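S.K.: I have a structure here, written as structure tokens, and I will follow up with some questions on it.
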Amino acid sequence: MRAPKYFDAIGVSHIIYLPAILYDIMGLMHVRRLWVAGVVLVTAIALLPFSFHAERHLETATRVEGSEAESVRQELASRFRSPFVDRVVLVIQGLPPADSDEGEQALATIVAALRQEPGVSGVVSHLELRDPIFLGRGGGTFVLVGLASTEGPVESLVPKLHVLATSLENQLRPRYPAVKLELTGEIPLNFDIRKASADDVRRGESLVIPATLALLLVAFGSLVAALIPLAVGQLAIAVTLAITGLLAHRWHLSILVQNLATMLGLGLGIDYALLMVSRFREAISAGHDGPAASVIAARQAGRTLLISASTVAIGFLALLTVPISEIRSIGIAGFLVAGLSVLLTNTLVPAVLALLGSRIDLGRMPFTPKLDSTRAARTGIRWRRWGRVIVAHPWLALVLAGTPLLLLAWQATHLDTSVPRGDWLPPAAESVHALHTLEQMDRAGVVQSLRVVLELPTDSIAQTDAGWNVLDRLTKQLASDPRCARVISITSIAESNRSSLSSLSRETRRTFLSADGRAALLEVLPAASVSLRDQVNWVRELRKTGAATLTGVPGASLTIGGIPALNADYQTIVGDRFSSVAALVVVGTLLALLGGFRSLFAAVKAIVLNLLSVAASFGALVLVFQDGRGSSLLGVPGGTGSIFPLVPIVAFAIVFGLSMDYEVFLVARVLEARRSGLSEADAIPEGMARTAGLITSAAAIMIVVFAAFTFGNFLVVKMIGFTLAVAVFIDATLVRIVIGPALLRVAGDWNWWPGGLDTTSREPTTTAASRE
């Protein structure tokens, strides 16, 4: 009867120290492992059906909580009660001009059908508003369609509108053979991004699963052993999607959940199960039966996985502090994947392994030796020789490996997180084609408009000449800006005559004028030559100038929404929160390492090396995507000129946790060797001999998983996948196999100050749950 030993990372003992409560929990899981495994399995099976419908509940719209753009949206919904808070643009081609009698008749058919469609809250076209904005270059026109869904996200109305548009085309085609009706705007574009995201997930899985299975077959030499980690990864993904799908009923969760859940589920789930299966097979080859070997694997590898998963979870929890739906969604998905991966590996996998026993080697590949110990010995000899080379020439190793990494990391100083240039939307999507049609009509500004809400302190815009004149002056002032194609406001619609206000429809009044008459909406359409980046700068310029300066009315307020304003708010918040997220990740990881190793240098060294890995991966991101060096190989010819603001903050949080796995494996084995009596010069090669093979196999799987997502159509996911793949490659090669061991050799006994070499037991007292 004894307390469980400290965990053994692939054989490591008395290295990492865990709180007593974790020993109690893990002891209970050991004693009741079959019951726990049964409960986990039943729960997972019960959740699986929900994973099939998770995608429909995830949103593609970005929500920046507390932002100015979000406040404009809420103002239009609650104060104005505008029917066009959410809207789509129906682009029409192949009909007579909208200002002709025949064109009006055809347009009337379309408008009438739209008004009868459930979920349509408003329709405005050239019929309702005789404005030249609806007369596009080349004879085309468009209809603005307001949406208000009472059943799920407003995006759910898009498929129904597609069906209606197809029906109207078929109705009009006998008379107008060239007629074409297409939807675009923020909501249809987001809907098509959802489809591209789902396609990327399916494509990524189709590439990753065969490649990962091949790597696992090489690592284990057995089909049964290789299938277990793959099954854990798939189950972790499915349960994560099921839980996030349920959470999406209450909170706004982004479509990026399915990409990140798949990417990380395959990476972490397989990685964790690989370690457990490896440890089990070592115990089997040492002569233990199935149940005994599963207990050894669960005790020794399981605690390693808890520490590894906790470092990953720290990064994702830090993302929850950012008030942006996309980033918080990634934080939730990552936290769930890490937690579920370690839960499944510590419960279901040992139970399955106990049942399999020596049958774990069924389906053995003919090219692999039978015993894991034989393979490990051969691999260990090669890595031990490499370790001795590093120990003999540590400064040379630091210079040769550190110089290229520092040069690559230096490129990260040029990182630009503004809106990427170029057309990075899915090219085959109908909404993208319709947007290009609007560009040809010189009317793309209706999609990318600035939604400016002016509020006066006292004068009513609707009832006083003073208020009306202020709005009219601001309308004309914004329209005179060369970046502006057109400004639409209540004064421009009423031809600057307040007396004609009563002739406007109720729909138009609610769109452009608040119920109390003190606030008005101005739709500012940017010129075709103004890029998204310039639109963002324009928003910032207007906000900085302020309403009092623009209107000459003290106390007036000006809030700006729309896509350009949302992009501006997004960039600002990510820039402001990046340092705090980074600090949380670094401090949390540092505390976890200090508690594990009781060594200041080992913990600080790990943090510094992780920062180097992150910086180098960001440098590679800048060179390839931002500068376009080799980007054509990834389907981005010419580069993007900048990087999505989402990518650096998410990649930083993820990379820190993933990289720490390898650090724990290596340093723990070196410390064990030191405690056994070896010198620093002998302990480093010994630690490398016992861990480098595992690090290489785990990293290879991670790289394959992440790299597969760089070939999709979703540019954000493409950038994240590239960054993670590069970071893992750098970390598992130059950093952990060269620079890390060289720094251990240079530091000598300082590696373990103040208490790393202390062998005094710190085990908790024996509890009933920890008895064998």
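S.K.: Expressed as a rounded percentage, what relative contact order does region 82-178 have, with Cα pairs under 8 Å and six or more residues apart?
M.R.: That works out to 38 percent.
S.K.: Please say if region 550-642 is rounded, prolate or oblate, where rounded means a/c under 1.5 for a ≥ b ≥ c the square roots of the C-alpha gyration tensor eigenvalues, and otherwise the choice is prolate for a/b larger than b/c and oblate otherwise?
M.R.: Oblate is the answer for region 550-642, as a/c is 1.5 or above yet b/c matches or exceeds a/b.
S.K.: For region 450-561, with only Lys/Arg (+1) and Asp/Glu (-1) charged at the beta-carbon, what is the dipole magnitude about the Cα centre, in debye rounded to 20?
M.R.: 260 debye
S.K.: Okay, next question. Give the peptides 211-224, 233-246 in descending order of average Cβ contacts within 10 Å, highest first. Intermediate values should be presented prior to the final figure.
M.R.: Values: 211-224: 19.3, 233-246: 24.2.
So the peptides 211-224, 233-246, ranked by packing, come out 233-246, 211-224.
S.K.: Compute the normalised compactness of region 82-178: alpha-carbon radius of gyration over 2.2 N^0.38 Å, N being the residue count.
M.R.: So region 82-178 has a normalised radius of gyration of 1.06.
S.K.: Continuing with this model, one more query. Sequence gap at least 6, Cα distance under 8 Å: using those rules, report the relative contact order of the chain to the nearest whole percent.
M.R.: Across the chain, relative contact order equals 21 percent.
S.K.: Now for a different question. Given R₀ = 30 Å, FRET efficiency for residue 100-residue 160 by Cβ-Cβ distance, to 0.05? Show your work: numbers first, answer last.
M.R.: Numbers: r = 30 Å, r/R0 = 1.00.
The computed FRET efficiency comes out at 0.50.
S.K.: Still on this structure: Answer with one residue from 535, 559, 460: the one whose Cα lies farthest towards the positive end of the charge dipole of region 450-561, charges on Cβ with Lys, Arg +1 and Asp, Glu -1.
M.R.: Farthest towards the positive end: 535.
S.K.: Does anyone have the angle between helix 101-116 and the longest principal axis of the chain? Alpha-carbon axes, 0 to 90°, nearest 10?
M.R.: Here the helix axis deviates by roughly 50 degrees.
S.K.: To the nearest 10 degrees, how steep is helix 532-545 against the longest Cα principal axis of the chain, on a 0 to 90 scale?
M.R.: 70 degrees
S.K.: Further question: Excluding same-chain residues fewer than 8 positions from residue 476, which aspartates and glutamates have a Cα within less than 15 Å of its Cα?
M.R.: Here the aspartates and glutamates satisfying the reach criterion relative to residue 476 are 495, 523.
S.K.: For a quick check: sort 539, 670 by the number of other beta carbons within 10 angstrom, fewest at the front.
M.R.: 539, 670
S.K.: Hey, of (i) 82, 57, 43; (ii) 95, 52, 50; (iii) 194, 90, 48, which did the structure itself give for Cα extents along the principal axes in Å when calculated?
M.R.: (ii)
S.K.: With unit charges on the beta carbons (Lys and Arg positive, Asp and Glu negative) and the dipole taken about the Cα centre of the chain, which residue among 394, 116, 174 sits farthest to the positive side?
M.R.: Working it through, the farthest residue towards the positive pole turns out to be 394.
S.K.: Determine how many Å³ per residue the convex hull of the Cα atoms of region 450-561 encloses.
M.R.: Enclosed volume per residue, from the Cα hull, is 94 Å³.
S.K.: Checking the a/c ratio against 1.5 first, then a/b against b/c, what shape does the Cα gyration tensor give for region 571-618?
M.R.: It is oblate, given that a/c is not under 1.5 and a/b is not larger than b/c.
S.K.: Also, I was wondering about something else. Compute the long axis of helix 372-392 from its Cα atoms, compare it with the longest principal axis of the Cα atoms of the chain, and write down the angle in degrees, 0 to 90, nearest 10.
M.R.: 80 degrees
S.K.: If each residue of separation counts as 0.36 nm, what is the full-extension length gain between residue 399 and residue 464 once their alpha-carbon separation is subtracted? List each step's numbers first, then the result.
M.R.: Numbers: separation 65, 0.36 × 65 = 23.40 nm, distance 7.49 nm.
My answer for the length gained is 15.9 nm.
S.K.: Give the aspartates and glutamates reachable from residue 605 as a straight Cα distance under 16 Å; neighbours fewer than 8 places away on the same chain don't count.
M.R.: Qualifying aspartates and glutamates at Cα under 16 Å: 661, 663, 731, 749.
S.K.: How do 534, 576 rank when sorted from fewest to most other Cβ atoms within 10 Å of their own Cβ?
M.R.: With the sparsest Cβ surroundings first, the list reads 576, 534.
S.K.: Where does each of 160, 605, 195, 544 land when they are ranked from fewest to most other beta-carbon atoms within 10 angstrom?
M.R.: Starting with the residue having the fewest Cβ neighbours, the order is 544, 160, 195, 605.
S.K.: Also, quick follow-up: Taking the Cα centroid of region 436-483 and of region 274-298, what is the distance between the two, rounded to the nearest whole Å?
M.R.: 71 Å
S.K.: Let me ask something additional. If you put +1 on each Lys and Arg Cβ and -1 on each Asp and Glu Cβ, how big is the dipole of region 82-178 around its Cα centre, in Debye rounded to 20?
M.R.: 160 debye
S.K.: How big is the dipole moment of the chain about its Cα centre under a simple scheme where the beta carbon of each Lys and Arg is +1, that of each Asp and Glu is -1, and everything else is neutral? Debye, nearest 20, please.
M.R.: 2260 debye
S.K.: Also: Would you please put 183-191, 579-587 in order of how densely packed they are, using the mean number of other Cβ atoms within 10 angstrom per residue and starting with the highest?
M.R.: Sorting 183-191, 579-587 by mean packing, highest first, produces 183-191, 579-587.
S.K.: Something else about it: Considering the dipole of the chain built from charges on the beta carbon (Lys and Arg +1, Asp and Glu -1) around the Cα centre, which of 517, 222, 477 is farthest to its positive end?
M.R.: Result: 222, furthest along the dipole toward the positive end.
S.K.: By per-residue mean of other Cβ atoms within 10 Å, what is the highest-first order of 175-181, 653-659?
M.R.: Values: 175-181: 14.6, 653-659: 26.7.
Ranking, from highest mean packing down: 653-659, 175-181.
Laboratory data are not the source of any read-out in this text; all were calculated from the coordinates shown. Computed from a predicted structure; not experimentally measured. As a convention, Cβ positions derive from the backbone with ideal geometry for all residues, glycine included, and neighbour counts pool all protein chains shown.
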